[in-house]
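The values are calculated or read from the model by the stated rules, or taken from the named source; none is laboratory data. Computed from a prediction, not measured in an experiment: that's the story for all the values here. Cβ coordinates were reconstructed from backbone atoms using ideal geometry, including for glycine residues, and neighbour counts include every protein chain displayed. With ligands, DNA and RNA removed, areas are computed over all heavy atoms of the protein, side chains included. Shrake-Rupley method; radii C 1.70, N 1.55, O 1.52, S 1.80 Å.
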Amino acid sequence: MRKLLPLLLGLLLLSACGETEPVSKTNFMLDTIVQITLYDGTDPGVIDQAFDEIRRLEDILSVEREGSDLDRLAQAAGQDWVEIQPETEEVLRLAKTYSARSQGGFDVTAGP
């Protein structure tokens, strides 16, 4: 999460500048179509780096991927401690904050 946010913010800021032809790539990730477009002529490899980071986060945060932090938490619910990545802890802390702010309108739970 900490690596992805600055990268994505940088891409958004850079996309507002420049006169070169846009470069775009699309992938199926996060159970949806993800498209990243560069408008400033930056090295197109930056898009691949962004997709790599999304893939890395999906591997640890997906409830559907066997062995991910969230999968292991669900499997061990109420039974055992689970060691998780810092990104997972950050996402769960933020989810708890948003749940409190929305007075329960936002519910992060998905299963046990």
Note to self: Suppose we filter region 95-107 for residues that are open to solvent by less than 70 Å² (accessible area, probe 1.4 Å) and either closer than 20 Å to Glu64 by Cα or outside any loop (DSSP other than H, G, I, E, B) (or both); how many remain?
What the structure shows: 3
Next item on the list: Out of the residues in region 16-57 that are touching an Asp or Glu at 6+ places or on another chain (Cβ under 9 Å) and acidic (Asp, Glu), state the one that is nearest to Leu94 (Cα to Cα).
Entry: Asp31
Check: From the list Thr32, Thr88, which one is within 16 Å of the chain's Cα centre (by Cα) and open to solvent by less than 60 Å² (accessible area, probe 1.4 Å)?
Finding: Thr88
Next item on the list: Keeping to region 87-97, report how many residues are within 17 Å of Ile54 (Cβ to Cβ) and free of Cβ contacts under 8 Å to residues at least 24 places away in the same chain.
Entry: 0
Next item on the list: Can you tell me which residue within region 63-83, out of those that are touching a residue at least 24 places away in the same chain (Cβ under 8 Å) and in a loop (DSSP other than H, G, I, E, B), is surrounded by the fewest Cβ atoms within 10 Å (Cβ to Cβ)?
Entry: Gly78
Next item on the list: Test Leu11 against the criterion of being of a type outside the set (Val, Ile, Thr) and at pLDDT 90 or above, and give yes or no.
Entry: no
Check: Which of the residues that make up region 35-62 are under 29 Å from Val108 (Cα atoms) and either at pLDDT below 90 or open to solvent by 50 Å² or more (accessible area, probe 1.4 Å) (or both)?
Finding: Gln35, Gln49, Asp52, Arg55, Arg56, Asp59
